[in-house]
Amino acid sequence: MKITIISGTDRPGSFSDKVSKFVRSKYESLGVDANVASLTEFPLQSVAGGKYGKDIPELKSFNAQLLDSDGWVMVIPEYNGSFPGILKMFVDYLPYPGGLNGKPLSFIGEGDGSFGGLRAVEQMQMVASYRDAYIFPERVFIQRVRKNFDEQEGIKDEMVQSLLDKQIKGFVDYIGRLTATSVPAHS
Ligand SMILES: Cc1cc2nc3c(=O)[nH]c(=O)nc-3n(C[C@H](O)[C@H](O)[C@H](O)COP(=O)(O)O)c2cc1C
């Protein structure tokens, strides 16, 4: 099983990147082939000018690291009551079909405030549902991330840490169930 963790901002040194790497190590400890795709690497200059549907080698190469994954974990910070614009650019430049459609998705929100990216995650869930993704229902929110998260220690709040562990195991199980089940062929 391969899972890609999408770090949902292009802000250098972001908490999203740090949380994503921490989450990657958690998936790896379960034997999952996990990688981080950071939007700091998204080829914004190459898509500028509305090149939707065009053949863009830099975009293809960015997407190559995640399109064949069995599931995506989106780590999303809250920017102005929503998710970062670069995350919408990423979604808008995904291939269709073959991007979000039918993709198992899990969400982690983070933010400086007391809602931990709740609004950002819920708004992205709306987009992903519209695009027919399979949304894993257990979301995790890291509130006051500056205080509650450390690269070495991980999440300092025990309850949030245990919710994350439960989400990770549950998402692996969810993907396993989705891929194992098939509709019997009509005779
Ligand atoms: C452009 C911008 C807008 C932000 N807007 C909000 C906001 O609306 N609500 C909030 O709680 N925090 C807001 N923040 C703070 C971020 O959510 C917080 O710093 C978060 O940890 C940043 O995540 P990052 O390190 O992954 O970029 C904003 C930060 C930036 C850079």
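Do any residues in the stretch 69-84 that are more than 12 Å from LEU39 (Cβ to Cβ) have Cβ atoms under 8 Å from those of residues that are near the ligand (Cβ under 10 Å from one of its atoms) and in a strand (DSSP E or B), where the two are at least six apart or on different chains, and which pairs are they?
Taking only residues 6 or more apart or on different chains, the pairs are GLU78/GLY109; GLU78/GLU110.
Here are some conditions: (1) at pLDDT below 95; (2) under 26 Å from GLN167 (Cβ atoms). TYR134 meets all but one. Which one does it not meet?
Tallying (1) at pLDDT below 95; (2) under 26 Å from GLN167 (Cβ atoms), TYR134 fails exactly one: (1).
Take GLU110 and tell me if it is acidic (Asp, Glu) and more than 16 Å from the ligand (Cβ to nearest atom).
no
Taking into account only those residues within the stretch 114-154 that are away from the ligand (no atom under 15 Å from the Cβ) and part of a strand (DSSP E or B), which is farthest from the chain's Cα centre (by Cα)? Give the derivation first.
Applying the first criterion (away from the ligand (no atom under 15 Å from the Cβ)) to the stretch 114-154 yields 125-139, 152-154.
Okay, now just the ones that are also part of a strand (DSSP E or B), so 134-135, 154.
Details: TYR134: 13, ILE135: 11, GLY154: 18 Å.
Across the stretch 114-154, the extreme among qualifying residues is GLY154.
Would you say TYR27 is aromatic (Phe, Trp, Tyr), surrounded by 14 or more Cβ atoms within 10 Å (Cβ to Cβ) and more than 14 Å from ILE86 (Cβ to Cβ)?
Working: aromatic (Phe, Trp, Tyr): yes; surrounded by 14 or more Cβ atoms within 10 Å (Cβ to Cβ): yes; more than 14 Å from ILE86 (Cβ to Cβ): yes.
Yes, satisfied.
Restricting attention to the stretch 143-154, and to residues there that are free of Cβ contacts under 8 Å to residues at least 24 places away in the same chain and surrounded by 12 or more Cβ atoms within 10 Å (Cβ to Cβ), which single residue is nearest to GLY117 (Cα to Cα)? So that I can check it myself, show each step before the final result.
Our first condition is that a residue be free of Cβ contacts under 8 Å to residues at least 24 places away in the same chain; within the stretch 143-154, this holds for 147-148, 150, 152-153.
Within this subset, residues satisfying the condition of being surrounded by 12 or more Cβ atoms within 10 Å (Cβ to Cβ) are 148, 150.
On the way: ASN148: 14, ASP150: 17 Å.
Selected residue: ASN148.
Just for the stretch 45-66: of the residues that are exposed (fewer than 14 other Cβ atoms within 10 Å of the Cβ) and aliphatic (A, V, I, L, M), which one is nearest to the ligand (Cβ to nearest atom)?
Selected residue: ALA48.
At least 2 residues that are under 20 Å from SER106 (Cα atoms), among the hydroxyl-bearing types (Ser, Thr, Tyr) and under 12 Å from the mean Cα position of the chain (by Cα) in each: list the helices (runs of 4 or more DSSP H) lying fully within the stretch 1-88 that qualify. Walk me through it before giving the result.
Numbers: elements: 15-29, 44-47, 57-67.
Once the helices (runs of 4 or more DSSP H) in the stretch 1-88 are filtered for at least 2 residues that are under 20 Å from SER106 (Cα atoms), among the hydroxyl-bearing types (Ser, Thr, Tyr) and under 12 Å from the mean Cα position of the chain (by Cα), what remains is 15-29.
Only residues that are closer than 16 Å to VAL91 by Cβ and more than 7 Å from the ligand (Cβ to nearest atom): list them for the stretch 6-16, please.
Here is the first cut: in the stretch 6-16, the residues closer than 16 Å to VAL91 by Cβ are 6-10, 16.
Within the stretch 6-16, ILE6, SER7, GLY8, ASP10 qualify.
Out of the stretch 125-137, which residues are surrounded by 16 or more Cβ atoms within 10 Å (Cβ to Cβ) and either more than 19 Å from SER69 (Cα to Cα) or polar (S, T, N, Q) (or both)?
Within the stretch 125-137, GLN125 is the sole residue that qualifies.
The values are calculated or read from the model by the stated rules, or taken from the named source; none is laboratory data. Everything numeric in this text was worked out from a predicted model, so none of it was measured. Note that each Cβ is placed from the backbone with ideal geometry, even for glycine, and that neighbours are counted across all protein chains shown.
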